[in-house]
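Novice: Sharing a structure below in C-alpha cells format, with a few things to ask.
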Amino acid sequence: MLDQVIFYTFAAIAVISAILTVTRRNVVHSAVFLITALLATAGIFLQLRAEFLFIVQIILYVGGIMVLFVFVIMLVNLDEAVRQMRFARQKWVALLISLALAAQVGLMFWSSRKMPGQGMPKFAAAPVEMLPPNSEAVAKSLFDTYLLPFEIASVLLLVAMIGAVVMAKKRT
Amino acid sequence: MQAVIQATIEFVKQYWAPLVCSVAIVAILPLVAGYIVLVERKIMADMQARLGPMRVGPHGLLQPIADAVKLLIKEDIIPEEADKLVFWLAPVLSVAAALLAMAGLAIGPAFQIAKDINIGILFVVGISAMGIFGIVLGGWASNSHYSLIGALRSSAQLVSYETAAGMALVCGLLFAGSLNITSIVQAQYDQGIWFGLLAPVAFFTYLVASIAETNRAPFDLPEAESELVAGYMTEFSGFRWSLYFLAEYTNMIVVASVATTLFLGGWLRPFPRTTWLNFLDFLAPLAMIGVGVYCLVRTPKQPSRVQQIFMLAVAGLCFVVALVLVVPLVVPLFNRSLAAAVKPFHDGILGAFWFILKVSLYIYFFMWLRFTLPRYRFDQLMRLGWHFLIPLSIINVLVIGIAMIAGQYFNLTGWALLLTTVPASILALIVALFILASEQKSEPQKTSAAPDSYA
C-alpha cells in the first residue's frame, strides 16, 4: 500500500515535470523541471530498494550533468534565446518516430503478457531480506560477471574524453 | 480511505524514532548554526586581540538570538527584475539539501536518522552536493551581475573540487571496505587506527577540498566581498539570506562529520582498543564540570542582575550535562548487574561526545584557517584544484591500493600497515609536486593576466 502511494506520487511528479521541461519558455525553468524529473526517477529507484542506483542517479545526473547544464545556460544570453523559435520544423517526423516507439513498448508489454512470471510488471518492491546489499551486488556484476563489457565501455569513455580535451586544446 | 489511515498509522508506528530525530535536527540546527557564528566571531576577535560581541548577554552569549530576531523581522525584498519563482526556490533548495544530508550521518552509535543504509557516506556526499543548485539558481534569479558572477564562480569551484574530495573519500573507503557508516567506524575499531593516519595525503586532500566546497576562506571567492559585494547572496535579505547562512553552516557540519567518520575514527575515542586509557571517558563529564565551575566563579563579576542569572543558568546546564554523562560511567562501577542495561546509553552518550568534539575541532580548524590565510585569486584556486589536488588524489588512490595489497602480502594490519601506506603517501605527494613543477616550467607565468570577467 505504502509502496504504491510512494510510486504513484513520484511517477506523477516525474511525468508532470517532464512535460513542463519541454513546454516552459524559460530555459532555466526547464532545467529546474528536468532536475525535478530526475529526482523523482531517483525516488522510484529508492522505492524499488535500488539505493545504489538512487544515489548514482543523484550524484551523476543531478549533481554532475545538470550543474554543467545550468552553468552553460548562465553563459547564454537568455533574452535572445527566448525570442528564437523553440521547436524544429520536423514535427510530423518526430510524431511518427515517437508513435513507433510507443507502439514498440506497448507490443513488448502485450507479447510478454502470456509468459509465466512476466506479464505487466508489478511495482511492488521485493522485501528487504531477499535482496543482497545493493552496492555490493552492482560491484559484483560490473567487476566480475560483466568485466569485459565494462572495461570496453571505460576505454570508449576514456577515448571520448581524450578526444574532447584534444579538440578543446586546438582552438587556443 | 480506511486503508490509507491504516497505512499511515503503521508508518508512524514503525518510524516514530527517526521522525522525532529529524524534527529535532531541523529545530535545533538553526540554533547550533547561530552559536557557531558566535564562536567564530569570538575566535576571530581573540586572534585579532579584540573582545568580540559583548553587549547581549554575558560575553555576548545571547547575540545569536538577537541576530535571528533581527533577520526574521527584516523587510523581505525581491528585486523588481528578479525571476520570482526561482528566487523563492533557490534558498529553500540550498537549505533542504544541507538538512537532508544530515539524515545519513551518525552522531554516535545511537543517533542516526536513516539507520544503517547501505550507501551511507555516498548518500551524505551526493545529497549535500545538490546544495550547489541553490547557489547557482539564486545567483541567476537575482538578475544582478555581482550575483551571476558569484554563482558562476561557485559552480566552477564546486565542480572542480568535488573530484578531489571524491577521490580522497575513495581512498578512505578502500580501508573500510564498506559505504555503511557503522561499518566504517567498526573497521577503524578493528584496525585500532584512524584512517586519517593510514592515508594522511587523502585526509589532507579532503580537508582542502571540503573548505573549497563549503565556500569558506581562503576559498570564499563566490562571495568575495571586496570585489563582488556578497556574490550570489547580494540581492537576498532577511529570512532568505538567513536560509543561505543556515545552509552554509550546516554544510560545514556535514563535511566535518564526513571527515570525522571516515578519517578521524567517528565516535570512537582516541586509541579505542587500549584499555589503560579508559580513564579518557571521564574527561567528558570533567570538562563539563570545569566549564560549570568557571561560570559560577565568573557570576559575581557580571555587571547586571539579568546577566548574573543567565550565567548561573549556563552553569546549571553544564552540571546537568555532566550528570547525564557521568551516570552511565559510574553506575557499572558500583553495580555490576546494571552494566549490561546501561551499556547502550553509555556507548550512545560517550560516542556522541567524542563525535561532537572531533567535529568541533575540525570546524575550529576551518575558522583558524579563515583568520590566518588571505583569499586566493580565482586562477590560483583553479590551478591548485586541477594541477595539484586532482592529480594528487588520483595518484594517491593508486599507490594506496598497491600499498594495501603489499600489506596483505606481508600480513600487516593496524599500526603495522603504516609501514606500507606512509611511503606510498609520500610517493604520491612527490609525484604530484613534480607534476605541478613541470607544468609551471612548461607554462611560464603570464606577467599580466587578462581580466576574465567570468573567471
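The values are calculated or read from the model by the stated rules, or taken from the named source; none is laboratory data. What you see is a predicted model, and the numbers here were worked out from it, not measured in a lab. Methodologically, a virtual Cβ is constructed for each residue, glycine included, from the backbone with ideal geometry; neighbour enumeration extends over all protein chains shown. For the accessible areas, the whole protein counts, side chains as well, though only heavy atoms, and no ligand, DNA or RNA atoms are used. Shrake-Rupley method; radii C 1.70, N 1.55, O 1.52, S 1.80 Å.
Novice: Scan segment B:361-381 and give yes if some residue there is closer than 27 Å to B:Leu268 by Cβ, aromatic (Phe, Trp, Tyr), open to solvent by 80 Å² or more (accessible area, probe 1.4 Å) and touching a residue at least 60 places away in the same chain (Cβ under 8 Å), otherwise no.
Specialist: Yes; the residues of segment B:361-381 include at least one that is closer than 27 Å to B:Leu268 by Cβ, aromatic (Phe, Trp, Tyr), open to solvent by 80 Å² or more (accessible area, probe 1.4 Å) and touching a residue at least 60 places away in the same chain (Cβ under 8 Å).
Novice: From B:Leu325, B:Leu357, which residue is surrounded by 18 or more Cβ atoms within 10 Å (Cβ to Cβ) and either out of contact with any strand residue (DSSP E or B) (no Cβ under 8 Å at 6 or more places or on another chain) or farther than 30 Å from B:Val185 by Cα (or both)?
Specialist: The unique qualifying residue is B:Leu325.
Novice: Here's another thing I want to ask about it. For segment B:135-155, name all the residues that are of a type outside the set (Val, Ile, Thr), in a helix (DSSP H, G or I), open to solvent by 10 Å² or more (accessible area, probe 1.4 Å) and more than 7 Å from chain A (Cβ to nearest Cβ).
Specialist: Matches in segment B:135-155: B:His145, B:Tyr146, B:Arg153.
Novice: Considering only residues that are of a type outside the set (A, V, I, L, M, F, W, C) and farther than 15 Å from B:Val291 by Cα, which ones fall in segment B:302-334?
Specialist: Of everything in segment B:302-334, those that are of a type outside the set (A, V, I, L, M, F, W, C) and farther than 15 Å from B:Val291 by Cα turn out to be B:Gln302, B:Pro303, B:Ser304, B:Arg305, B:Gln307, B:Gln308, B:Pro328, B:Pro332.
Novice: Within segment B:198-215, can one find any residue that is within 23 Å of B:Ala68 (Cβ to Cβ) and out of contact with any Cys (no Cβ under 9 Å at 6 or more places or on another chain)?
Specialist: Yes - at least one qualifying residue is present in segment B:198-215.
Novice: Can you list the helices (runs of 4 or more DSSP H) lying wholly within segment A:1-63 that have 3 or more residues being out of contact with any strand residue (DSSP E or B) (no Cβ under 6 Å at 6 or more places or on another chain) and open to solvent by less than 20 Å² (accessible area, probe 1.4 Å)?
Specialist: A:27-47
Rundown of residues vs (1) at pLDDT 80 or above; (2) not in a helix (DSSP H, G or I), yes/no style:
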| site | (1), (2) |
| --- | --- |
| B:Pro222 | no, no |
| B:Ser226 | no, no |
| B:Arg240 | yes, no |
| B:Leu243 | yes, no |
| B:Leu246 | yes, no |
| B:Tyr249 | yes, no |
| B:Ser257 | yes, no |
| B:Leu262 | yes, no |
| B:Pro272 | no, yes |
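Novice: Could you check, for segment B:23-31, whether at least one of its residues is part of a loop (DSSP other than H, G, I, E, B), away from chain A (no Cβ under 14 Å) and surrounded by 16 or more Cβ atoms within 10 Å (Cβ to Cβ)?
Specialist: The answer is no, given that none of the residues of segment B:23-31 is part of a loop (DSSP other than H, G, I, E, B), away from chain A (no Cβ under 14 Å) and surrounded by 16 or more Cβ atoms within 10 Å (Cβ to Cβ).
Novice: Same structure again: Given B:Leu246, B:Leu268, B:Leu228, B:Leu283, which one is out of contact with any Ser or Thr (no Cβ under 9 Å at 6 or more places or on another chain) and either open to solvent by less than 30 Å² (accessible area, probe 1.4 Å) or closer than 30 Å to B:Ser94 by Cβ (or both)?
Specialist: Within the list B:Leu246, B:Leu268, B:Leu228, B:Leu283, the selection yields B:Leu268.
Each row is one residue, and each column tells you yes or no for (1) closer than 26 Å to B:Ile400 by Cα; (2) out of contact with any Leu (no Cβ under 6 Å at 6 or more places or on another chain); (3) surrounded by fewer than 24 Cβ atoms within 10 Å (Cβ to Cβ); (4) more than 11 Å from every other protein chain (Cβ to nearest Cβ).
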residue	(1), (2), (3), (4)
B:Ile77	no, yes, yes, yes
B:Pro91	no, no, no, yes
B:Ile117	no, yes, yes, no
B:Glu162	yes, yes, yes, no
B:Val170	yes, yes, yes, yes
B:Ser183	yes, yes, yes, no
B:Ala187	yes, yes, yes, yes
